[in-house]
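Everything on this sheet refers to the single structure shown next.
The values are calculated or read from the model by the stated rules, or taken from the named source; none is laboratory data. Source: prediction; values computed, not measured. Counting neighbours? That spans all protein chains shown, and the Cβs are built from the backbone with ideal geometry, glycine included.
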Amino acid sequence: MFTNFQFNTTKSIISEPGSLRNIVEYCQKLGIHNPLIVTDHGIVSCGLLTLLLSHFNGKLPTIIYDNVVADPQEKIINDALKLAQTNDIDGVIGFGGGSSMDTAKVVAVLMKSPQSLADIYGVDQVVGKRLPLILVPTTAGTGSEVTPIAIITTGETTKAGIVSSQLLPDIALLDAELTLGLPTAVTAATGIDAMVHAIEAYTSKIKKNPYSDMLAKEALRLLSANIETVCRDGKNIAARQNMLLGACLAGQAFANAPVAAVHALAYPLGGHFHIPHGLSNSLVLPHVMRFNKSHAAIQYSELAPCISDAINTNQPPQAVTEDLITYLEDLIQRLGLPNSLKAMNIAENKLAMLAQDAMMQTRLLVNNPKDVLYEDVLAIYQAAYESQSVENEYV
Ligand SMILES: NC(=O)c1ccc[n+]([C@@H]2O[C@H](COP(=O)([O-])OP(=O)(O)OC[C@H]3O[C@@H](n4cnc5c(N)ncnc54)[C@H](O)[C@@H]3O)[C@@H](O)[C@H]2O)c1
Ligand SMILES: [Fe+2]
């Protein structure tokens, strides 16, 4: 047996604490003389932008767009694009979490393209090339630095994806020094997001492939071994670097074996209730896994030893899967993340609306190992609503 597949990723990945100090060298390598830096107020107020600018130290001019918000809307993209056009920039640096990196990716494409934002939603709609692009994640979560994806908020409550190989940057820079001050709650939620990327890549129905499988397993080893350490001791540079690498490996995995129902059910939570992306995933993860168990128990049981050696793998896959789900539920509680929709103050009568929205995420649902009907989604949200809250350890 063999699998036909394609695998694409970012050309150059630099994983080294402190490597941000070489940013000018990386710009020069790509022929960037007038970069746009795309970031958000959180990055400015915690001093990270000042750190980045200190490395430029007058060697190159810098244009800064720092108005990105979580789950960026179209207006953010268009504002950043206008600034880029006005200043005739010749390269883009995305500096922040997934929101800043996704904005940077789209701006880099639109700067070189005759297309407008509306033209490029969907899969492979980008026709042109892009400006040179460097992505520097400051959260260990989305893996956006190695995915050909950007997620944009398109209306009051809806998100849409742009998928194009042009969105893969030239360089991804993984520097854990930038994540040392990441608040515990963001560390935990973004870390779970990365774990979900690996889990969903490994069970991805259509494009599952040997590279993504290998990356997903190694990602889960790194993320599971370090997520509690970084929540307890945020300054642990080795654990932080391992989280960044784990999130990057998971990103490479799901970039080529796409995510599925966990993300499809998470997006409406972000859209309607502004719940951060990682936390939305965390709220539905155990319940989607329980739903998938009948079709994905073998894959889940293969992942179990990467997540914890405390799970007994000498039992049938269904039983291993149940133990794995319990382990993940306990982990989510230990990390201090809320674990029910009720605890998020979501009214029970909103579940039907959420389920209708999740069913629109067909791009993701097709990758789920088990077919998903509206009634299933509603039942999963109901289970997520009723989960028991337990005291947490870290927050
Ligand atoms: N492109 C992709 O492949 C992909 C995949 C998954 C999610 N996403 C998208 O990414 C976005 C979520 O990204 P995210 O979870 O990384 O969060 P984010 O970029 O929205 O940032 C969350 C918050 O954390 C702060 N922050 C980030 N790094 C920090 C640091 N080092 N220290 C202190 N504060 C810091 C930011 O200022 C912000 O307030 C969503 O829009 C989601 O849809 C994209
Ligand atoms: Fe995600």
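Quick rundown of the values:
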quantity: Leading residue by the ranking (surrounded by the most Cβ atoms within 10 Å (Cβ to Cβ)) among those in segment 200-211 that are part of a helix (DSSP H, G or I) and away from ligand 1 (no atom under 14 Å from the Cβ); calculated: Tyr202
quantity: Residue in segment 224-246 that is within 13 Å of ligand 2 (Cβ to nearest atom) and either assigned to a helix (DSSP H, G or I) or under 25 Å from Leu351 (Cβ atoms) (or both) present; calculated: no
quantity: Residue count, segment 73-89 (criterion: at pLDDT 95 or above and assigned to a loop (DSSP other than H, G, I, E, B)); calculated: 2
quantity: Subset tally (residues that are in contact with a strand residue (DSSP E or B) (Cβ under 7 Å, 6 or more places away or on another chain), within 15 Å of ligand 2 (Cβ to nearest atom) and in a loop (DSSP other than H, G, I, E, B)) for segment 137-159; calculated: 1
quantity: Leu249 being over 13 Å from His197 (Cα atoms), within 14 Å of the chain's Cα centre (by Cα), modelled with pLDDT of 95 or more and crowded, with 21+ Cβ neighbours inside 10 Å; calculated: no
quantity: Residues that are in a loop (DSSP other than H, G, I, E, B) and within 24 Å of Gln6 (Cα to Cα), drawn from segment 160-191; calculated: Ser164, Leu168, Pro169, Asp170
quantity: From Arg363, Arg334, residue being in contact with a strand residue (DSSP E or B) (Cβ under 9 Å, 6 or more places away or on another chain) and of a type outside the set (Asp, Glu); calculated: Arg363
quantity: Candidates Val109, Val92, filtered to the one that is part of a helix (DSSP H, G or I), in contact (Cβ under 8 Å) with a residue 40 or more places away in the chain and more than 16 Å from ligand 2 (Cβ to nearest atom); calculated: Val109
quantity: Failed condition for Ala264, given (1) more than 14 Å from ligand 1 (Cβ to nearest atom); (2) buried (at least 24 other Cβ atoms within 10 Å of the Cβ); calculated: (1)
quantity: Failed item, numbered, when Val68 is tested on (1) surrounded by fewer than 21 Cβ atoms within 10 Å (Cβ to Cβ); (2) within 19 Å of Leu178 (Cα to Cα); (3) not basic (Lys, Arg); calculated: (1)
quantity: Matching residues, segment 80-123, being hydroxyl-bearing (Ser, Thr, Tyr) and touching a Gly at 6+ places or on another chain (Cβ under 8 Å); calculated: Ser100, Thr103, Ser113, Tyr121
quantity: Matching residues in segment 247-265 - criterion: being within 13 Å of ligand 2 (Cβ to nearest atom) and in a helix (DSSP H, G or I); calculated: Ala247, Ala250, Gly251, Ala253, Phe254, Ala255, Ala261, Val262, His263, Ala264, Leu265
quantity: Filter pass, Leu81 being crowded, with 24+ Cβ neighbours inside 10 Å and out of contact with any strand residue (DSSP E or B) (no Cβ under 6 Å at 6 or more places or on another chain); calculated: no
quantity: Selected residue [part of a helix (DSSP H, G or I), within 14 Å of ligand 1 (Cβ to nearest atom) and either basic (Lys, Arg) or surrounded by fewer than 24 Cβ atoms within 10 Å (Cβ to Cβ) (or both)] from Gly278, Gly271; calculated: Gly271
